[in-house]
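Below is one structure, written out as structure tokens, with a few remarks after it.
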Amino acid sequence: MLGYFNKLFRREPSSRTAKERLHLVLVHDRANLSPQILEALKEDLIEVISKYMEFDVDSIQVNLDSDESTVALVANIPIREVKRQLRHANS
Amino acid sequence: MAGRAIVITSGKGGVGKTTTTANLGTGLALLGRKVVLIDADIGLRNLDVVMGLENRIVYDLVQVVEGQCKPHAALIRDKRVENLHLLPAAQTREKDAIRPEQMVELVETLKEDFDYILIDSPAGIEHGFRNAISGADSAIIVTTPEVSAVRDADRIIGLVESHGLHDPYLIVNRIRPEMVQRGDMLSIDDVLDILRIKLLGIVPDDQEIVVSTNRGEPVVFDRRTRSGQAYHNICRRIEGEDVPFMTMDTGFMQRLGRLLGIGGRRRNAN
């Protein structure tokens, strides 16, 4: 009977709401990286990207951006120059 | 003898850590093991009343680590089961009255004489929690199927693992099969899907727990109760036995059986 009402009013079971909310809150909780880890990540990123292009190391910003439904790793890396051999390979 | 030290923890308060510790300790002792329970919740002593041993306390955990008495002098012998002992917490001291190194030393000493050292952790993630996990070889995380408890369990799992206690086990407490069935409570699978650690046991929500706590007699003594049977099964799993998990069946026939008292309780409670 209760299930019928739920269907009638298109209400999803509260357990599903709970699970969805938990998933989201845990993404936020788990993504709460320490500054040290974020710094280590930044250094690794620099190492990888510098194989392909030149950029100003000091102006790199790596942050976690979150809104209500998603969490994203946002890296702002202003490029100075793409390395020559790479341009050749592409053309 | 080289005993196993297991910490029972949860993050969130009120999910049943102390009840779980009391029942697992009693259950393991009933299986013939030598067990000591340590109440690490300094300042909020409770394991003694749940065990019904509150009138026998002479010394406490803080006095032991401060060297005022030998560990064995502070152990309270259980009045019903042989080989079961309790080391009570201090009631009038602060959580920082002991340090992790002292806890490690105490647990190592107790390991020589006991098969199991069960440590009842305080709620929270601060000093008291860190003391409680420091002497342990493994961890049991207790949660209830609620958003708040599961969230805290997730955080605790991370902390426990970063402390070198890998592969903690999970006990899901106070599950209500009929609510799960109508979609109003997180199921065991939901909780496991989120936390992704090994399941050690499922304990149904059971009024008998309240009754047994009132009396100071752990429910595991009475295996006719659903929760008592559940704790008994968890103890057997800790001992390495392969015991099937509770089926969350609340079918009509089973409910009818229970209503008529045809052993339904004993049979469907695993």
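Quick look at the values:
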item: Single condition residue B:185 does not satisfy, out of (1) surrounded by fewer than 22 Cβ atoms within 10 Å (Cβ to Cβ); (2) over 20 Å from the mean Cα position of the chain (by Cα); result: (1)
item: Members of the range B:25-47 found to be surrounded by fewer than 24 Cβ atoms within 10 Å (Cβ to Cβ) and assigned to a helix (DSSP H, G or I), listed by number; result: B:30
item: Residue selected from the range A:21-71 under the condition in a loop (DSSP other than H, G, I, E, B) and open to solvent by 90 Å² or more (accessible area, probe 1.4 Å), by the criterion modelled with the lowest pLDDT; result: A:68
item: Residues of the range B:191-232 that turn out to be farther than 21 Å from residue B:47 by Cα and part of a helix (DSSP H, G or I), as a count; result: 6
item: Residue match in the range B:85-107 (condition: within 14 Å of another protein chain (Cβ to nearest Cβ), under 26 Å from residue B:239 (Cβ atoms) and open to solvent by 40 Å² or more (accessible area, probe 1.4 Å)); result: no
item: Only one of B:64, B:50 that is under 19 Å from the mean Cα position of the chain (by Cα) and among the β-branched types (Val, Ile, Thr); result: B:50
item: Filter result (within 20 Å of residue B:241 (Cα to Cα) and of a type in the set (Gly, Ala, Ser)) within the range B:19-44; result: B:25, B:27, B:29, B:32
item: Test for residue B:126: is it surrounded by fewer than 23 Cβ atoms within 10 Å (Cβ to Cβ), more than 20 Å from the chain's Cα centre (by Cα) and either over 18 Å from residue B:40 (Cβ atoms) or away from every other protein chain (no Cβ under 14 Å) (or both); result: no
item: Hits in the range B:131-155 (condition: surrounded by 18 or more Cβ atoms within 10 Å (Cβ to Cβ) and more than 11 Å from chain A (Cβ to nearest Cβ)); result: B:131, B:132, B:133, B:134, B:135, B:136, B:139, B:140, B:141, B:142, B:143, B:144
item: Long-range neighbours under 7 Å by Cβ, at least six apart or interchain, first residue within 18 Å of residue B:23 (Cα to Cα) within the range B:72-101, second assigned to a helix (DSSP H, G or I) and not hydrophobic (A, V, I, L, M, F, W, C); result: B:76/B:56; B:81/B:26; B:84/B:25; B:84/B:26; B:86/B:48; B:88/B:48
item: Search result, residues across the range B:71-85 that are part of a loop (DSSP other than H, G, I, E, B) and not β-branched (Val, Ile, Thr); result: B:75, B:78, B:79, B:80, B:82, B:83
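The values are calculated or read from the model by the stated rules, or taken from the named source; none is laboratory data. For clarity, every value in this text was computed on a predicted model and none was experimentally measured. Heads up, the Cβs are rebuilt from the backbone with ideal geometry, glycines too, and the neighbour counts pull from every protein chain shown. The protein model used for the area step is the full one, side chains on, heavy atoms only, and it has no ligands, DNA or RNA in it. Shrake-Rupley method; radii C 1.70, N 1.55, O 1.52, S 1.80 Å.
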